[in-house]
Amino acid sequence: MTILTFAQAKQLLTTVSKTVPDQLSCDDCFELMAEFADAEIHGNELTAALKAVRIHFSQCPCCAYEYTTLLEALQEPEAILK
Ligand SMILES: [Zn+2]
């Protein structure tokens, strides 16, 4: 009987978690980021392109971090007004 090593199990999980294809490059993602933030903030329905952005965030910590920073920057003025 074959037992997976920890490394093999981890590799398998990584492969499974990436079954949703990431269609965007980081540049594409960056271009759509403001639009995505706008849609999220206003609760607009996401277009196919914006859904791809969301998928990219789930697979790219770098862009996800950029987005968090952008959201904070966008929401700050409102926080001051309240
Ligand atoms: Zn990225």
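A few remarks follow.
For (1) free of Cβ contacts under 8 Å to residues at least 40 places away in the same chain; (2) surrounded by 13 or more Cβ atoms within 10 Å (Cβ to Cβ); (3) among the polar types (S, T, N, Q), each residue gets a yes or a no:
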| position | (1), (2), (3) |
| --- | --- |
| Phe6 | yes, no, no |
| Thr14 | yes, no, yes |
| Asp27 | yes, no, no |
| Ala52 | yes, yes, no |
| Ile55 | yes, yes, no |
| Gln59 | no, yes, yes |
| Tyr67 | yes, yes, no |
| Ala73 | yes, no, no |
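- Some residue of the range 3-14 being out of contact with any Leu (no Cβ under 9 Å at 6 or more places or on another chain), assigned to a loop (DSSP other than H, G, I, E, B) and among the β-branched types (Val, Ile, Thr): yes
- Sole exception among (1) more than 15 Å from the ligand (Cβ to nearest atom); (2) at negative phi for Thr68, by number: (1)
- Residues in the range 29-48 that are in a helix (DSSP H, G or I) and exposed (fewer than 15 other Cβ atoms within 10 Å of the Cβ): Glu31, Ala34, Asp38, Ile41, His42, Ala48.
- Subset of the range 49-60 [within 8 Å of the chain's Cα centre (by Cα) and either assigned to a helix (DSSP H, G or I) or more than 10 Å from the ligand (Cβ to nearest atom) (or both)]: Val53, Arg54, Ile55, His56, Phe57, Ser58, Gln59
Computed from the coordinates by the stated procedures, all read-outs in this text should not be read as laboratory data. For clarity, every value in this text was computed on a predicted model and none was experimentally measured. Every residue, glycine as well, gets a Cβ built from its backbone with ideal geometry; the counts of neighbours run over all protein chains shown.
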